[in-house]
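The values are calculated or read from the model by the stated rules, or taken from the named source; none is laboratory data. As the structure is a prediction and not an experimental result, all values here were calculated from the model. A quick note on method: Cβ atoms are made from the backbone with ideal geometry, for glycine too, and the neighbour counts reach across all protein chains shown. Calculation scope for accessible area: heavy atoms of the full protein, side chains included, ligands and nucleic acids excluded. Shrake-Rupley method; radii C 1.70, N 1.55, O 1.52, S 1.80 Å.
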Amino acid sequence: MPKQRVCRILKAGEDALREARAALLAGEVVAIPTETVYGLAADATNGPAVARIFESKQRPSFNPLICHVTGIAMAKRFASFDPLSRKLADAFWPGALTLVLPLRDDHAIHPLVTAGLDTVAVRAPQGFGAELIAAVGRPLAAPSANRSGRISPTTAQAVADSLGDAIPLVIDGGPTAVGVESTIVKVDGETVRLLRPGGVAAEEIEAVVGRSLVRAEANAAIQAPGMLASHYAPRAQMRLNADHVAPGEALLGFGPVRIAGANAAKEVLVLSEAADMKEAASNLFEFMSRLDAAGATTIAVEPIPSSGLGEAINDRLARAAAPRGEK
Ligand code: AMP
Ligand code: MG
């Protein structure tokens, strides 16, 4: 059980800005007001910090998070804009519109933020969130600040009621103005897809891009993690809960002790020697791709406990291990 602690609630202002900035730069999570709903923010370039988001929310899977920026200039450091996406950012940022954009090759966003995808969801919020991102100087990953499966919070008290025993600090900016999540769109060539309806109406977007939005089928946002599973399937087979390494296999380890045959493995990467779930989560996507690149036909994976972040780690591994076509 996580140890009980009660979070502090600080009114948005200069002191809150200083404290939140220091906490984020130290790799902590902070719940912050935005104009849509309250977000649980972490430095998007810091893997263990992003892992804390999933841990605090008790999310059972690693779905991709929205990166919050001060504006187009910061977004351009890690994502590229096609002309239509640029037009949308010019029209709606700062505001309740999220754009899914291709990641640049030289980006510094941690793969846990994008769940290993080569695209990233980006938004420039208004108010305290915008000031905080400017003060930190880095993009902040932030899903809604509620425990997984609960409704999104629109007041600081609702955040504290849902996550108060799991996070250190909530910044109180009053009730949020919009009260629903951001609208998510993705430009695909000449097509503008609506991935999730939200705070900016489809008609407003259609007026700017001069064409009708193509609606993704119901639940498309929920399908995103499933879609990315096939996107991020290693070429190698994954053999889970392995108790030995067979000849020619690579090994993905967890904890201080290696299973039999590890010495002869093609390559060994250990998610966390110390069995620290946050460290393991933050290494997961990178290590899967590195072992894949080592050229083994099978990656043996040591057992990983399913407590805490282990549930999301095992969910991700199970998708990677599923027969092709079922991912
Ligand atoms: P939230 O929990 O409100 O932050 O939700 C973020 C939403 O953005 C989820 O529904 C994700 O599936 C979606 N999302 C984030 N990144 C991407 C991406 N690269 N491609 C498609 N959808 C994304
Ligand atoms: Mg949410």
Of all residues in region 13-61 being among the β-branched types (V, I, T) and part of a strand (DSSP E or B), the one that is surrounded by the most Cβ atoms within 10 Å (Cβ to Cβ): I32
Test set (1) more than 15 Å from ligand 2 (Cβ to nearest atom); (2) modelled with pLDDT under 95 - A221 fails condition number: (1)
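Let's see how each residue does on (1) touching a Leu at 6+ places or on another chain (Cβ under 8 Å); (2) more than 27 Å from T191 (Cα to Cα); (3) more than 12 Å from ligand 1 (Cβ to nearest atom):
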residue: M74; (1), (2), (3): no, no, yes
residue: F81; (1), (2), (3): yes, no, yes
residue: R86; (1), (2), (3): no, no, yes
residue: A96; (1), (2), (3): no, no, no
residue: P102; (1), (2), (3): no, no, no
residue: I133; (1), (2), (3): yes, yes, yes
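For residues that are part of a loop (DSSP other than H, G, I, E, B) and out of contact with any helix residue (DSSP H, G or I) (no Cβ under 6 Å at 6 or more places or on another chain), scanning just region 132-146, find the one that is farthest from ligand 2 (Cβ to nearest atom).
Among those residues, the one meeting the criterion is G137.
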Candidate set: region 117-127, residues that are more than 9 Å from ligand 1 (Cβ to nearest atom) and surrounded by fewer than 22 Cβ atoms within 10 Å (Cβ to Cβ); chosen: the one nearest to A320 (Cα to Cα): Q126
Any chance A91 is surrounded by fewer than 22 Cβ atoms within 10 Å (Cβ to Cβ), at pLDDT 95 or above and under 20 Å from R196 (Cβ atoms): yes
Residue match in region 67-82 (condition: at pLDDT 95 or above and closer than 29 Å to D165 by Cβ): yes
Test: L117 is modelled with pLDDT of 95 or more and at negative phi: no
First in region 273-292 and open to solvent by 50 Å² or more (accessible area, probe 1.4 Å), second anywhere and among the polar types (S, T, N, Q), Cβ under 8 Å, 6 or more apart: E279/S272
Residues of region 92-122 that turn out to be within 16 Å of ligand 2 (Cβ to nearest atom), under 10 Å from the mean Cα position of the chain (by Cα) and either part of a strand (DSSP E or B) or among the basic types (K, R) (or both), as a count: 1
Residue count, region 243-293 (criterion: at pLDDT below 95 and hydroxyl-bearing (S, T, Y)): 2
